[in-house]
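Peer 1: Pasting a structure below so you can have a look.
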Amino acid sequence: MEAVNTEEIHLRHVEKDVLIPKMMREKAKERCAEKVEAFNHCCKDSGFLMAFKCREENAALKECLTIHYRDPVFFEQCKQEYIKEKMEFERTGIASKNRKQKLPTSM
């Protein structure tokens, strides 16, 4: 497979402003998994008082996510991954989430 300069790929407005940020949110949640878990655990234990009781966990989660959302290097990494997935889809017609699924061992 030949190398393609992903800098030459034109991205539509929706890709830059919606789809890549969506990928960033998903990946940031993975990178902040410990804080997501702490916040979820607090909410489950707090019921209706979660807004008051989980302020600390919520603030820590927001801070972690915001660090990633504002990181230009992280945006560029997600952009490059998005472009590679887009090019692979154009080549194969198979979306990346379907490509990653394992095929059944017997048919």
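Peer 1: Determine which member of the set Glu63, Glu34, Glu30 is within 13 Å of the chain's Cα centre (by Cα) and of a type outside the set (Phe, Trp, Tyr).
Peer 2: Glu30
Peer 1: Would you confirm whether or not the range 37-57 contains a residue that is out of contact with any His (no Cβ under 7 Å at 6 or more places or on another chain), at pLDDT 95 or above, closer than 22 Å to Gln77 by Cα and not basic (Lys, Arg)?
Peer 2: no
The values are calculated or read from the model by the stated rules, or taken from the named source; none is laboratory data. Model, not experiment: these values are computed from the prediction. In this analysis, Cβ positions are derived from the backbone assuming ideal geometry, glycine residues included, and neighbour counts consider all displayed protein chains.
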